[in-house]
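Written out below as structure tokens is the structure these notes cover.
The values are calculated or read from the model by the stated rules, or taken from the named source; none is laboratory data. Source: prediction; values computed, not measured. Note: ideal-geometry Cβ built from the backbone for every residue, glycine included; neighbour counts use all protein chains shown. Keep in mind that these areas ignore ligands, DNA and RNA; they rest on the heavy atoms of the full protein, side chains included. Shrake-Rupley method; radii C 1.70, N 1.55, O 1.52, S 1.80 Å.
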Amino acid sequence: MKMPKTKRSKVWLHFTCVNADSATCNKCLKAIACKGGNTSNLMKHMARHGVYLKAEQCTVFDKLRDAESSTSTAAASVGLTAGQIEESPSPASVVVDTTDDDNSSRSSSVTTVTPFIMAKKAALTKEKVQEIHRAVTKFVVMGLHPFSTVESPSFREMCTALNHRYQPPSRDDMSNTYIPAWYSVIKHNVIQELAYVSKIAITCDGWTSVAQDHYLTVTVHYIYKGSIQQKVLSTEAVYESQTGPVVAQEIHSILEEFKLTGKVIAATVDNAYNMDVALRNLKFLKVGCFAHTLNLAAQKVYGIQAVTRWCAKIRALVVWLKRSTMSKTVLREKQRLLNLPEHNVILDVRTRWNSLYLMVERFVEQFPAIQAACLDQRLRRPMERDRLERLSESDFEKAEEFMKCMKVLYTSTLCVSSDKSPTCSQIIPILTKLEAHYSTSDDDNVFVAAIKEKVWGDLKKRYQDQDIQNFLQEATLMDPRFKGRLEAGVAEAWDRLEKAVIDNATAAQLPIEEDPHQTEAGEEEDQAGRCMSALEQLFEDEDRELHTTQTTSSALSITEQVQKEIEIYKGLPAIPSGQDPVAWWGGKRDTLPNLSVLSEAYLCVQASSTPSERVFSCAGHAISQERCRILPEKANMVIFLQKNC
């Protein structure tokens, strides 16, 4: 049926009119009611398909869009958008001023002051309204507030008190107009920035919300303008079985959406089997999450019988102290009496990283207060009634030995889980340090020796694949902090690295070699075309010698240049572990151009998948028990904006 001429809304481009009260969606062929030509139901239906027509017409966030032309750049310099240049000023932005600067002079034209003119003078300008709309949207998104916040009486009362002329947007406008419009602008900016990046690394992980929807998140890591950058690409809901091929298809579609196919160097994921299959299907190099690896090794101590019995005594006491109503009061009194920090005891949870170490650490810190509290008559009798074993000095000594043995593992987890430069180049140096720490010696007692054997017995089985081993060795050499700490296979790793630099420089055609004869001929023509100055005539021989030296240096082959750069790099001193290796390479672009370009392919790869874990911490607040009905598409927008803005 032909669309009536009276239907002017863009929503009719996605529907076929059946009759005056019904239309059929062109995507899902579902009949939607549109009584009397009303398009509200049609708009809501298209939002479920990810098409937000109101957001496409919204210009509130155009000011945040990256300039793409000289017109938009010039507009941004004066605080206007391209849409505002083309459009004529709206009546709300026109301010009529009938007052004279000089009271003694009068205007030649007499203007009658009417209530309409007074209303125009009091109204907010279009630019001011858009600025406030942006601030309100940012408040809702960055605070992870429900969309209904903008319609709450207290929020509107606050807006009226701040500016009684401002009318806050409705919940529908916030959900279907402003947030999608902001998301569209920021997504465009991210795609624009990633277009200038040639090498990226990703992290992936899965998560299930309180609404039992399964989500897959992908984060991207790259080096841009001399620093490592991180963006959250998407947190998509997946409604199929989480098999390897399905996960591979989801990851591929996300990368294709952001135009990143062909740029991925490696992917850092956990030890899930479906992730392993997905990366094999995508033909990405898999780097196992080092934080998960360390956590699995730490959990091996639960299998030691001596440690299990000793931990059970501490755990039982901690549970009792947390459950007893009087214990907190008594423990606080003893802490003040002994001048100890007023900290609560910690209970370990096997699924929580390093929780056993943290429980023992807090136990050692509060042992005098715990021992004094257990002897207090207010707790002593209830403890005897519950048949709790009192902790002895031998338990305290074991706790100190346990802390000394496991502290390096806890610190290593913090290193690879940090926000600042947790690159995969740290993995081999940390493993080397752990191997030295967990090597048993004659001085170790049975308790400590059992812990060391369990932990290192699990760690030494990791990262044994030859491809990942080679990649991690090359990454270690490319990190100026650890280039001298590689022990096994150093010569082979340097050879592989040299070949990789040569291949990368050849593919990128860096440097572009020029014909020396053509250069000399061009310079001779240039010299003949102008008169030499007196200074040039005086130092003509020296200038000719300098030119010959530069020509010889530039005529080196790519292989010779790379070998020369590697020798220079080997001779440079290592930098402290606290210094940023990405910034260091950014300062070596002139002296080591080929190596600095290749360093981006190694230093952008993450050592752990904790960036994805942090996204799910945000998602847990965005899709909470109170707002579990939020659509997955809207949740993705909120998480994307919250993490990337």
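Annotations
- Residue that is surrounded by 20 or more Cβ atoms within 10 Å (Cβ to Cβ), of a type in the set (Phe, Trp, Tyr) and in a helix (DSSP H, G or I), where the choices are Phe447, Phe402, Phe396: Phe402
- Condition check for Thr423: under 32 Å from the mean Cα position of the chain (by Cα) and surrounded by fewer than 12 Cβ atoms within 10 Å (Cβ to Cβ): no
- If you go through region 601-621 and keep only what is in contact with a helix residue (DSSP H, G or I) (Cβ under 8 Å, 6 or more places away or on another chain) and crowded, with 20+ Cβ neighbours inside 10 Å, you end up with Ala601, Tyr602, Leu603, Val605, Gln606, Ala607, Ser608, Ser609, Thr610, Val615, Ala619.
- Among the residues listed as Arg48, Arg8, Arg65, the single one being touching an Asp or Glu at 6+ places or on another chain (Cβ under 9 Å), open to solvent by 80 Å² or more (accessible area, probe 1.4 Å) and either at pLDDT 80 or above or on the phi < 0 side of the Ramachandran plot (or both): Arg48
- Test for Thr219: is it modelled with pLDDT of 95 or more and among the hydroxyl-bearing types (Ser, Thr, Tyr): yes
- Qualifying residue in region 444-451 (condition: at positive phi and touching a residue at least 40 places away in the same chain (Cβ under 8 Å)): no
- Conditions (1) free of Cβ contacts under 8 Å to residues at least 24 places away in the same chain; (2) of a type in the set (D, E, K, R); (3) under 30 Å from Leu294 (Cα atoms): number failed by Asp395: (1)
- Subset tally (residues that are of a type in the set (A, V, I, L, M, F, W, C) and assigned to a strand (DSSP E or B)) for region 8-45: 8
- With respect to the stated conditions, Tyr463 fails to be surrounded by fewer than 20 Cβ atoms within 10 Å (Cβ to Cβ), within 28 Å of the chain's Cα centre (by Cα) and over 19 Å from Thr476 (Cα atoms).
- Candidates are the residues of region 132-159 that are of a type outside the set (A, V, I, L, M, F, W, C) and within 12 Å of Tyr178 (Cα to Cα); the one that is surrounded by the fewest Cβ atoms within 10 Å (Cβ to Cβ) is Lys138.
- Of the residues making up region 341-355, those that are under 20 Å from Phe402 (Cβ atoms) and touching a helix residue (DSSP H, G or I) at 6+ places or on another chain (Cβ under 7 Å) number 9.
- Scanning region 167-185 for residues that are assigned to a loop (DSSP other than H, G, I, E, B) and surrounded by 15 or more Cβ atoms within 10 Å (Cβ to Cβ) yields Pro168, Pro169.
- Selection within region 200-239 - open to solvent by 30 Å² or more (accessible area, probe 1.4 Å) and not in a strand (DSSP E or B): Val210, Ala211, Gln212, Asp213, Lys225, Gly226, Tyr239
- Here is the figure for region 16-45: residues that are modelled with pLDDT under 85 and of a type in the set (Gly, Ala, Ser) total 4.
- Within region 301-347, being open to solvent by less than 20 Å² (accessible area, probe 1.4 Å) and touching a Phe, Trp or Tyr at 6+ places or on another chain (Cβ under 9 Å) holds for Val301, Ile304, Val307, Trp310, Cys311, Ile314, Leu317, Val318, Ser327, Val345.
- Taking region 253-300 as the range and being open to solvent by 10 Å² or more (accessible area, probe 1.4 Å) and among the β-branched types (Val, Ile, Thr) as the test, the residues that pass are Thr261, Val264, Ile265, Val277.
- Ala372 being open to solvent by less than 60 Å² (accessible area, probe 1.4 Å) and free of Cβ contacts under 8 Å to residues at least 24 places away in the same chain: no
Table: residues versus (1) modelled with pLDDT under 75; (2) within 30 Å of Val197 (Cα to Cα); (3) assigned to a helix (DSSP H, G or I).
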| position | (1), (2), (3) |
| --- | --- |
| Phe482 | no, yes, no |
| Ala488 | no, no, no |
| Glu492 | no, yes, yes |
| Asp495 | no, yes, yes |
| Asn504 | no, yes, yes |
| Glu514 | yes, yes, no |
| Gln518 | yes, no, yes |
| Gly522 | yes, no, yes |
| Ala528 | yes, no, yes |
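- Selection count, region 188-199, where residues are touching a helix residue (DSSP H, G or I) at 6+ places or on another chain (Cβ under 7 Å) and either part of a helix (DSSP H, G or I) or open to solvent by 40 Å² or more (accessible area, probe 1.4 Å) (or both): 1
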